[in-house]
Amino acid sequence: DAGVTQSPTHLIKTRGQQVTLRCSPISGHKSVSWYQQVLGQGPQFIFQYYEKEERGRGNFPDRFSARQFPNYSSELNVNALLLGDSALYLCASSFRQGATTYEQYFGPGTRLTVT
Amino acid sequence: KNEVEQSPQNLTAQEGEFITINCSYSVGISALHWLQQHPGGGIVSLFMLSSGKKKHGRLIATINIQEKHSSLHITASHPRDSAVYICAASSGGKLIFGTGTRLQVFP
């Protein structure tokens, strides 16, 4: 079975632009979480979605939004990009809600550079 | 103070040495995850535990709920173990990550 996939792998954007990142969970997994990892730091929780509904949100501004589709894939959108948004964006899938008490399967990440 | 703290931040070892990485947390948790991150970013889940001890090959993870402390041990370390090891606490429906321990094992 394919693991968690993310696209694109790398992305370069300019300040003020908007970006959309995509994640496809493992087949059968209904929960998707998004994390931001700034260089040299541990990941920070952004969103969790389960059954197409937002189930958790981290301490990120409203410029960050996400959604989950009927096939359980997910998109993360970031508007009005800032230099500080440069990071590795990780997606993780899990079978159930309360997902963090179940094993998390991480995608390879999307590396976003904002210039 | 971070809710999840790891030590040491950096660790170098000679091949064959026994490695210990520590994780302390200050929040209530439902589980504690140990993750491995290689250069380039990919993260692999090593363990998820809520009590006691788990072992996979040369890796052992322990947790003491009363002391809010977990350890990851690597026996007979190998250069291919070189990576960043991250502990993450499952709390309030989300993962709270430590900053990671960068391990380098030299031949």
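Data table
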| read-out | value |
| --- | --- |
| Shielding by partners - mean other protein chain Cβ count within 10 Å, residues of A:36-43 | 5 |
| Residues of segment A:44-82 buried by at least 20 Å² on assembly (accessible area, 1.4 Å probe, chain alone as reference) | A:PHE45 |
| Summed residue charge, Cβ within 13 Å of B:VAL27's Cβ, Lys/Arg positive, Asp/Glu negative | +1 |
| Size-normalised alpha-carbon gyration radius of chain B, reference 2.2 N^0.38 Å | 1.01 |
| Loop chymotrypsin sites (Phe, Trp or Tyr not before Pro), segment A:10-107, which have at most 15 other Cβ atoms in a 10 Å radius of their Cβ (DSSP) | A:PHE95 |
| Portion, in percent, of the accessible area of chain B that falls on carbon or sulfur, probe 1.4 Å | 49 |
| Eligible lysines near B:LYS1 by straight Cα distance, threshold 25 Å, same-chain separation 8 or greater | B:LYS68, B:LYS94 |
| Accessible surface of chain A [probe 1.4 Å, protein heavy atoms]: carbon and sulfur percent | 47 |
| Contact order relative to length of chain A, as percent, for alpha carbon pairs under 8 angstrom and 6 or more apart | 37 |
| Number of partner chain Cβ atoms within 10 Å, mean per residue of B:94-101 | 6 |
| Candidates per GluC sites (Glu not before Pro) in segment A:1-60, loop by DSSP, up to 12 other Cβ within 10 Å | A:GLU51 |
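The values are calculated or read from the model by the stated rules, or taken from the named source; none is laboratory data. All values derive from a computational prediction rather than experimental measurement. As a convention, Cβ positions derive from the backbone with ideal geometry for all residues, glycine included, and neighbour counts pool all protein chains shown. Surface accessibility is based on the protein's heavy atoms, side chains included, excluding ligands, DNA and RNA. Shrake-Rupley method; radii C 1.70, N 1.55, O 1.52, S 1.80 Å.
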